[in-house]
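Each value in this text was obtained by applying a stated rule to the coordinates, not by laboratory testing. Note that the coordinates shown come from a computational prediction; the quantities given were computed from them, not determined experimentally. Reconstructed Cβ throughout: ideal geometry from the backbone, glycine too, with neighbour counts over all protein chains shown.
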Amino acid sequence: MALILNIETATTNCSVALSRDGETIFLKEDNSKNYSHAESLHVFIDSVLKEANVDANNLDAIAISKGPGSYTGLRIGVSAAKGLCFALDKPLVSVPTLQALACQVKITEGIIVSMLDARRMEVYSAIYDSNYNEVRATEAQILDENAFAEYLNQGKVYFIGNGVEKTKTLIQHPNAIFVDDKLPSANEMGAISDAKYKKSDTEDVAYFEPYYLKDFVVMKPKPKS
């Protein structure tokens with residue numbers, strides 16, 4: 001029975017979960033609108049292990065939500081995960097952020113559009129079926145009223161993530177169902193990380209990098225007039 005520490009920092013939700021055999025047994029998170037990762041992540045990791053009465057050396061693996069998402073959030077999470085892997089000599093498992101987010105929607109039919117807010121009318125999105133198998137790979141896309149029309153015309157489409165708020169101002173299709181106020185959480189990572197760990201689907205700790213999807217751009221301040 002694999003014991004895995006799961007770390008999620010791709011959005012404002014700083015989230016840490018301990019899972020055993022794919023099931024969450026302890027969860028600590030702060031899903032407020034402010035980024036607290038730098039201050040809270042290691043505190044949350046220590047808290048989860050203490051509450052579970054688990055020595056870090058007894059973990060089987062460390063799992064990290066790999067992105068896409070916030071550049072800074074992902075960097076903090078991946079750095080912490082890699083540090084633990086090096087210190088404890090444990091394997092690193094990466095979990096697609098949008099797949100774990102989709103797992104918050106429980107359906108028997110239809111599809112799930114998992115989406116994270118990007119700039120302006122852009123989102124990072126991926127599409128999954130009711131068993132969380134990938135239907136369409138992750139993309140950065142500009143939203144308009146015809147976005148996802150080919151899927152909406154075929155049946156129910158469930159939208160989840162912090163990209164939902166601006167999506168529902170554009171899409172008025174009767175098959176569109178919007179799941180509000182949801183962010184990626186370590187709570188849903190356990191089943192995915194456990195399955196990958198049992199298949200030895202792990203990362204090279206030294207060379208692993210987050211999946212940013214797009215390059216980080218530093219905006220130059222406007223010159224003073």
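With neighbour counts taken as other beta-carbon atoms within 10 Å, the residues 177, 142, 171 rank, fewest first, as 142, 177, 171.
Computed on region 61-214, with alpha-carbon pairs under 8 angstrom and 6+ residues apart, the relative contact order is 28 percent.
Applying 1/(1 + (r/R0)^6) with r as the Cβ-Cβ distance of residue 25 and residue 86 and R0 = 30 angstrom yields a FRET efficiency of 0.75. Each Cα pair under 8 Å and six or more residues apart adds its sequence gap; the mean of these over the residue count of region 105-179 is a relative contact order of 32 percent. Extension gain, residue 134-residue 175: 0.36 nm per intervening residue step, less the Cα-Cα distance, totals 12.8 nm. Computed about the Cα centre, the dipole magnitude for region 105-179 is approximately 180 debye when only Lys and Arg (+1) and Asp and Glu (-1) carry charge, each at its Cβ.
Helices that extend 15 Å or more along their long axis by alpha-carbon positions and average at least -1.0 on the Kyte-Doolittle scale are, among the DSSP H runs of the chain, 37-51, 71-88.
Only beta bridges with both residues in region 105-179 are counted; by DSSP, about 60 percent of them are antiparallel.
In the chain, the sites counted are GluC sites (Glu not before Pro) in DSSP loop states with at most 16 other Cβ atoms within 10 Å, and the longest stretch holding none of them, exclusive of the sites, is 1-108. GNM on the chain, alpha-carbon springs under 10 angstrom: the most fluctuating residue among 207, 35, 158 is 207. Exceeding 20 Å between C-alpha atoms, which entries from my cross-link table qualify? They are 66/196; 28/168; 33/156; 66/199; 28/182. The pairs that break the limit, which is 20 Å between Cα atoms, are 28/168; 33/156. Exposure proxy for 7, 160: other Cβ atoms within 10 Å of each Cβ, ordered fewest to most, give 160, 7. Each part gets one Cα centre, and for region 139-212 versus region 29-52 those centres are 23 Å apart.
Positive contributions from Lys and Arg (+1) and negative ones from Asp and Glu (-1), summed over other residues with Cβ under 9 Å from the Cβ of residue 208, come out at -1. Helix content alone sets the calculated 222 nm mean residue ellipticity of the chain: runs of n ≥ 4 DSSP H residues at -39500 (n - 2.57) each, divided across all residues, give -7500 deg cm²/dmol.
Net charge near residue 90, counting Lys/Arg +1 and Asp/Glu -1 over other residues with Cβ under 13 Å of its Cβ?
-3
DSSP finds beta bridges in the chain, and of those with both partners inside it, around 65 percent are antiparallel.
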